[in-house]
Structures are given as C-alpha cells and as structure tokens.
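Okay, structure first, notes after.
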Amino acid sequence: MSSAESYRDAQEKLMTLNLLQMAFKEFNTLESMRAALEKNGVEVSVANLSRYVNGKAIPKSKLKDSLLRALTQDSEFGLTIERLINKHIIDDVDEFGNIKISNLYLLNDSKALKAILFLAMYQEIIPLDIDKIITAEVDGIPIAMTLAHLLNVDCIYARKKKPLGAENFITADIQTASLGRVETIGVDEKFIRRQEKVLIVDDVIRSGSTQTALVELVRKCGATPVKVVIIAGIGARWERITEWNRVELEVLKVYTDKS
C-alpha cells in the first residue's frame with residue numbers, strides 16, 4: 001500500500017467513526033443499529049459497535065469498507081448528501097421571489113460539513129487526484145480547509161486585498177451584476193505552481209462570477225482547473241456559464257423558486 005493509499009485508508013477509518021456517530025441519531029438503541037447493519041451484510045457486535053460510536057476503537061480496513069458501503073447506500077442511516085445539506089442549510093423565498101439561503105448551521109457544524117465532503121469524495125463527485133484546492137474568501141474557506149485535510153493537500157484562498165509579503169499578486173475580476181460593480185480577487189503566484197491540478201470549491205454559486213474569476217486565476221498561474229464543486233446553487237443563472245472551457249461543474253444541492 002502506497003503512502004497516499006495508507007493516508008486515505010486512515011482517513012476513511014476516522015470518517016467511519018464520524019458517520020457511525022451521526023447515523024446513531026437515527027436509532028433508539030445500538031441493537032437496532034446493529035440489526036440495520038446486519039441487514040446490509042455487516043456483522044458487528046453491539047460491544048464493538050459501541051466502541052466505534054464512542055470513538056474508543058477503530059475498525060480494521062475490511063470491516064471499515066463494509067461499514068462505509070452500508071452507511072452510504074442505505075437511506076435508513078440518514079447519510080445522504082442531500083439530506084445532510086437539507087438539515088444544515090435554511091432556505092426561503094422572499095416577497096419579491098428571490099431565493100435566500102443561510103449556511104450558518106453547516107459552516108458551524110464541522111462533523112456535518114466533513115461528512116458531506118467525504119461522501120462527495122466517496123461517491124467520486126470530488127476528484128482525489130489533485131494538487132491544490134482554491135476558494136474565495138470568506139465562507140468558502142471552512143469548506144476548502146476541511147476538504148484539504150481530507151485529501152492531504154494544500155488549500156489556497158483568493159483575497160480581495162493584496163496581503164503583506166505577497167510578491168507577484170495575480171488577480172482576476174468578479175463581475176458583480178447585482179451590485180453594479182467589479183470586484184477583484186487575487187493570489188500570490190508562488191502558491192500555485194505551473195501544471196498543478198487545482199480543485200475549485202465554494203459554498204454558494206449564484207451567477208458564477210466568483211467561480212469564473214477563480215478559474216481564471218488558476219489558469220493565469222499556469223495550473224489546470226480540474227473541476228468546480230459547490231455546496232449550494234441558487235437559481236439557474238450559473239447554468240449559462242460558457243467561459244470555463246470544459247471545466248466540469250458539480251453543484252451538490254440546487255435551490256429554485258418554490259412557487
């Protein structure tokens with residue numbers, strides 16, 4: 001097993017404990033949870049299940065694989081990406097028909113955020129073969145940092161102001177149509193090397209202008225944007241993006257007008 005595979009195996013074992021703890025909230029007793037796992041072909045004693053749920057032991061790789069398969073495929077455990085997002089993001093439509101969401105609960109629940117991102121990795125929505133992650137300040141940072149930890153790669157965030165110590169600050173413009181102005185974000189070129197594969201992540205996409213600027217920044221640094229992954233998409237304007245030139249976009253949850 002390579003070092004990268006060993007790291008991934010270790011992370012999956014830790015995430016299995018996290019998912020078991022979250023799934024246990026759907027059951028009244030450990031015995032009922034054990035029965036649900038048994039129904040999915042996973043043999044585990046109540047005593048060992050208790051150790052895993054309470055973080056007192058870590059399952060071996062073979063059992064870990066069986067547990068993850070059951071936890072992610074059976075909706076009885078409540079661990080789908082959509083369900084977790086629905087529980088942690090509040091959405092509404094105001095009197096003018098504008099869609100509004102609040103991700104406050106998600107960004108302040110590290111276990112739920114980690115679970116959503118891990119499930120996206122496990123389901124191959126998020127590519128594993130990347131060198132860097134980039135996002136824009138501010139709310140994208142917890143997402144990018146959490147994912148960077150799971151993937152064991154560096155995380156970079158584009159800033160609106162050139163920071164102290166930045167040598168070659170590469171910038172791109174955000175066309176903010178709703179505010180009628182242009183904003184600029186940038187990164188120090190030294191943090192993204194040429195030919196690196198960079199994943200772009202963010203919390204919300206509306207028009208796609210911020211994400212378009214991030215794609216541009218990565219390309220200006222000579223790197224390759226491999227994919228854009230967003231937690232929540234609002235409306236449909238972002239679906240008309242054409243500037244990315246074959247960069248795939250994945251939005252985990254789309255919010256549209258309820259009327």
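Read-outs: derived from the displayed coordinates by stated rules, not from any lab. As the structure is a prediction and not an experimental result, all values here were calculated from the model. So basically every Cβ, Gly included, is an ideal-geometry build from the backbone, and we count neighbours across all protein chains shown.
Quick notes on this one:
- On Cα atoms only, tilt of 209-220 relative to the major axis of the chain in degrees: 80 degrees
- When the pairs Lys56/Lys227; Lys56/Lys160; Lys132/Lys253; Lys39/Lys60; Lys87/Lys190 are compared against a 32 Å limit on Cα-Cα distance, Lys56/Lys227; Lys56/Lys160; Lys87/Lys190 fall above it.
- Rounded to whole Å, sorted largest first: equivalent-ellipsoid semi-axes of the range 3-79, Cα gyration tensor: 20, 13, 11
- Footprinting exposure proxy for Met145, Met22, Met15 (fewest neighbouring C-beta atoms within 10 Å first): Met145, Met22, Met15
- Summarising the amide proton neighbourhood of Phe27: residues at separation of 5 or more, or on other chains, whose placed amide H is nearer than 5 Å comprise an empty set.
- Least to most buried among Leu19, Leu107, Leu164 (fewest other Cβ within 10 Å first): Leu164, Leu107, Leu19
- On full extension, the segment bounded by Met1 and Gln73 gains 23.3 nm, given 0.36 nm per residue less the C-alpha separation.
- Surrounding net charge for Leu107, when Lys and Arg each add one and Asp and Glu each subtract one, Cβ distance under 10 Å: -3
- Linear extension gain, Arg51 paired with Asn86, 0.36 nm per residue minus alpha-carbon span: 9.7 nm
- Here the dipole of the chain is about 500 debye; that uses its Cα centre as origin and unit charges on the Cβ of Lys and Arg (positive) and Asp and Glu (negative).
- Net dipole in debye of the range 3-79 [+1 Lys, Arg Cβ; -1 Asp, Glu Cβ; about Cα centre; nearest 20]: 240 debye
- Looking at the range 87-255, the pairs of alpha carbons with a distance over 30 Å make up 13% of the total.
- For the chain, the longest principal axis of the alpha carbon atoms and the long axis of helix 30-39 meet at an angle near 80°.
- Computed over the chain: relative contact order in percent, which uses C-alpha pairs under 8 Å that are six or more apart: 14 percent
- Beta bridges per DSSP, both residues in the chain: antiparallel share near 35 percent.
- 4 °C / 1.567 mPa s Stokes-Einstein diffusion coefficient of the range 1-145, Kirkwood radius on C-alpha pairs, µm²/s: 77 µm²/s
- Under the Karplus curve 6.51 cos²θ - 1.76 cosθ + 1.60, θ = phi - 60°, whole-Hz ³J(HN,Hα) for the range 241-250, x wherever Gly or Pro sits: 5, 10, 7, 7, 6, 6, 7, 6, 10, 10
- Each of Ser207, Ser6 was scored by other Cβ atoms within 10 Å of its Cβ. Arranged with the fewest first, they read Ser6, Ser207.
- 5 angstrom amide H check on Asp154, placed H, neighbours 5+ away: Ile133
- For the range 150-259, averaging the sequence separation of C-alpha pairs within contact (under 8 Å, six or more residues apart) and dividing by the residue count gives a relative contact order of 22 percent.
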